[in-house]
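The values are calculated or read from the model by the stated rules, or taken from the named source; none is laboratory data. For clarity, every value in this text was computed on a predicted model and none was experimentally measured. Note that each Cβ is placed from the backbone with ideal geometry, even for glycine, and that neighbours are counted across all protein chains shown.
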Amino acid sequence: MDSDKYLEGQSMQRPPLFESDSFIYWKNRFETYVKSKDLDLWHVITNGDFQPIVQNPETKLDEVIPFEKQTDDLKKRLAKNNEAKMVIYNALPRKEYERIFMCNTAKEIWKTLLITHQGNSQVKDNKIDLLVQQYEQFVISKDESIDSAFARFNTIITSLKALDEGYSSKNYVRKFLRALHPKWRAKVTAIEESKDLTSLSLDELIGNLKAQGKNLVMKMCFEFRCEDEEYAKASDSGEEDDEKVKDETCLVAHASSEVCSESSYFSDENSSIDDLALDNEYDKLCKMSLKIITKNKRLKATRNSLENELRELLRAFSLRY
């Protein structure tokens, strides 16, 4: 919303502007803002106004302290009541202010906002049930990037926390691992073997998954190149004049080399790559590996066939002469 929709008299450092469509998001930001400014203000908003009351030592009853007998410290404390109301006012557009202007205390204002936009206890419980269901059924598709999956997952757990519901950090980590597509199985196993999941944070897990993906792609490319070089050497040591064998070897070597060299993942101009692009590169290498394996099998069959023919020719020649 535009700044002219704010109430007049607000300070330069405004609290987060109220968002009815994203109430939980605003609520968390507003709470953090108030606590960062003054914890007493948040106490007033959630627990009610400070009262100028003292217990009469004779009657043991609470009595209101007249203004003229209030100490400066007490007056400063009582001023928190109006400060708390003002910080809420400064966060609300005029339409929302008209809804709560009859409230006498910051606590009443806050309760009205919660009931209006978050619902009563029954509505809150229904929202929690829905979020818990989303959490339990959370899965990551084959083509979804880690960043996208983490954003969805984080929205669910943040919403649960805002409703005073949630799971442990250890549970978040294990749930995210279980939600991954089977294509991530090798990476998950590597993380489980190298990390202590009881102390691993969700942010650390995301970083490790990205690192595992990068290492796996580089390792696969390296293995392909090494395998191609071995086949090339084996061909050169044998029937050097057989053009078919040479052509097969060169084709296989060129195929894997082309994937690795032309991949944007290994380009100096694109040293950083998003997770979806990384998955695409990984899938490309997997498909190419099948082609390379097939060509290698054909190469072996060709070499074996030529060796058998050569042996038969030598045998026939020796018998004849």
Suppose the filter is at pLDDT 60 or above and either on the phi < 0 side of the Ramachandran plot or loosely packed, with under 14 Cβ neighbours inside 10 Å (or both); does Ala190 pass it? yes
Inside region 44-59, can you point out the residues that are over 20 Å from Phe18 (Cα atoms) and surrounded by 12 or more Cβ atoms within 10 Å (Cβ to Cβ)? Gly48, Asp49, Phe50, Gln51, Pro52, Val54
Which of the following residues is within 30 Å of Asn308 (Cα to Cα) and modelled with pLDDT under 85: Ala234, Ala162, Ala211? Ala234
So is Ala91 of a type in the set (Gly, Ala, Ser), in a loop (DSSP other than H, G, I, E, B) and under 35 Å from the mean Cα position of the chain (by Cα) or not? yes
Among the candidates Glu63, Glu8, Glu68, Glu83, single out the residue that is over 32 Å from the mean Cα position of the chain (by Cα), modelled with pLDDT under 85 and not assigned by TED's automatic domain parsing to the domain that holds Lys161. Glu8
Hits in region 12-69 - residues which are of a type in the set (D, E, K, R), part of a loop (DSSP other than H, G, I, E, B) and in contact (Cβ under 8 Å) with a residue 24 or more places away in the chain: Arg14, Asp38, Asp49
Consider Lys187 against the criteria (1) in contact with a His (Cβ under 6 Å, 6 or more places away or on another chain); (2) in a helix (DSSP H, G or I); (3) not β-branched (Val, Ile, Thr): it satisfies all of them except one. Which criterion is unmet? (1)
Here are some conditions: (1) surrounded by 12 or more Cβ atoms within 10 Å (Cβ to Cβ); (2) modelled with pLDDT of 90 or more. Ile206 meets all but one. Which one does it not meet? (2)
